[in-house]
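Heads up, the thing below is written out as structure tokens.
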Amino acid sequence: QTIKTYGTNVLGQTGISEANQAIVRDGMIAAANGYGLANGLDFEVAAKTGTAQDGNNLTANFICYAPAEDPEIAIEITLEKGGYGSNLSPFVREILQYYFNGTVPSYAIESLPETATFSYNTDTADQ
């Protein structure tokens, strides 16, 4: 079920050449394969993780879009006190499987650290 669809609103251009954009996209595709996120999926995913540190706490970040060559969906997940960004890969994979295949996710919330705060955003491209 789509909760909200956003239209396209181009605010400006980055001035980054298509060749350099391709390099970044290819790196994000390689990253998605490196985490095992895209293994076995019938579409290509572009992804990047991040980890922010606040004192002794690590905040996990994960962004991706799919299909990589013609995106329909973009996902951003932030998990405070959730460790490293790559920890979010299983959640993103389940969101993607649900979006593209209708497979009902079985989030393993119980596997998260007790102190974690979970939030996510998805945005579907205007078709």
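Miscellaneous remarks
- Label-reachable residues, the range 70-84, where backbone N falls under 20 Å from a point 7 Å from N39's Cα toward its Cβ: 84
- Virtual spin-label span in nm between D26 and E94, 7 Å along Cα→Cβ: 3.5
Where a number appears in this text, it was derived from the coordinates with a stated rule and is not lab data. Because the structure is a prediction, the values reported are computed rather than measured. Please note: Cβ atoms are built from the backbone with ideal geometry, for glycine as well, and neighbour counts cover all protein chains shown.
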